[in-house]
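Notes to accompany the following structure.
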Amino acid sequence: MAEEEDAQRDRRLPAWLDWVITIAVGVALALLVRTFVAEVYIVPSGSMLETIQEGDRLVGEKVTYRGSTPKRGDVVTFDDPEKPGTTLIKRVIATGGQTVDLKDGHVYVDGKKLNEPYVLDKPTYPLEQQSSILSEAISYPYKVPDGCIWVMGDNRTNSLDSRYFGPVSTSKVSSRALFIFWPISDARGL
């Protein structure tokens, strides 16, 4: 029996190698989760106030949009059309084929005024400045091209969004925001 135990000990990996393998597997799993399942984002601006505060940390899940497209009302992360490599977070207002109009400080989609309690009665107007990436100025009513979404920040008086840079391709959407987890005082589902 003692000989069997000695043989088993001899077959074990050295402790340092066991640690290296354990750490490598942990890092690989974390990278897989971050790439394909979920990611943590830190919100750098106040464009989504009061729904999301500047500095909030939230989790965005990446699985949903592999089999479907964003829907109106979803809060999504996507690549900044002007600054590739920068992630923005906004609310989906309209999807491909829908028509967005801004009248009297309100948003209309397909002729129906949206009920938007998250804007806290702030008016929504077209922006006077527009991104240089646009080939022509945005005019309203605006029909969202197929394969794109129209996004806006909840803080309408302080948000550069589709009014500024135009529609966002659904291929640029990286996740659907699920919940804020930090700071604890702001923790809640989105």
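Structure data summary
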{"quantity": "Selection count where residues are open to solvent by 20 Å² or more (accessible area, probe 1.4 Å) and within 16 Å of Ser171 (Cβ to Cβ), scope the stretch 148-158", "calculated": "1"}
{"quantity": "Lys172 being closer than 30 Å to Glu39 by Cα, surrounded by fewer than 19 Cβ atoms within 10 Å (Cβ to Cβ), among the basic types (Lys, Arg) and touching a strand residue (DSSP E or B) at 6+ places or on another chain (Cβ under 7 Å)", "calculated": "yes"}
{"quantity": "Selection count, the stretch 148-190, where residues are at negative phi and in a loop (DSSP other than H, G, I, E, B)", "calculated": "10"}
{"quantity": "Residues (acidic (Asp, Glu), under 22 Å from Ser185 (Cα atoms) and open to solvent by 30 Å² or more (accessible area, probe 1.4 Å)) located in the stretch 45-79", "calculated": "Glu50, Glu54"}
{"quantity": "Residue, most open to solvent (accessible area, probe 1.4 Å), within the stretch 104-147, restricted to residues that are at pLDDT 95 or above, of a type in the set (A, V, I, L, M) and assigned to a loop (DSSP other than H, G, I, E, B)", "calculated": "Leu114"}
{"quantity": "Count - residues of the stretch 89-99 that are of a type outside the set (D, E, K, R), crowded, with 19+ Cβ neighbours inside 10 Å and in contact (Cβ under 8 Å) with a residue 60 or more places away in the chain", "calculated": "2"}
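For (1) at pLDDT 95 or above; (2) among the charged types (D, E, K, R); (3) over 23 Å from Leu120 (Cβ atoms), each residue gets a yes or a no:
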{"residue": "Glu39", "(1), (2), (3)": "no, yes, yes"}
{"residue": "Leu49", "(1), (2), (3)": "no, no, no"}
{"residue": "Val59", "(1), (2), (3)": "no, no, yes"}
{"residue": "Asp80", "(1), (2), (3)": "no, yes, yes"}
{"residue": "Gly96", "(1), (2), (3)": "yes, no, yes"}
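The values are calculated or read from the model by the stated rules, or taken from the named source; none is laboratory data. Just so you know, these numbers come straight off a predicted model, no measurement behind them. All Cβ positions, even for glycine, are placed from backbone atoms using ideal geometry, and neighbour counts span all protein chains on display. Remember, those area values only see protein heavy atoms, side chains included, never the ligands or the DNA or RNA. Shrake-Rupley method; radii C 1.70, N 1.55, O 1.52, S 1.80 Å.
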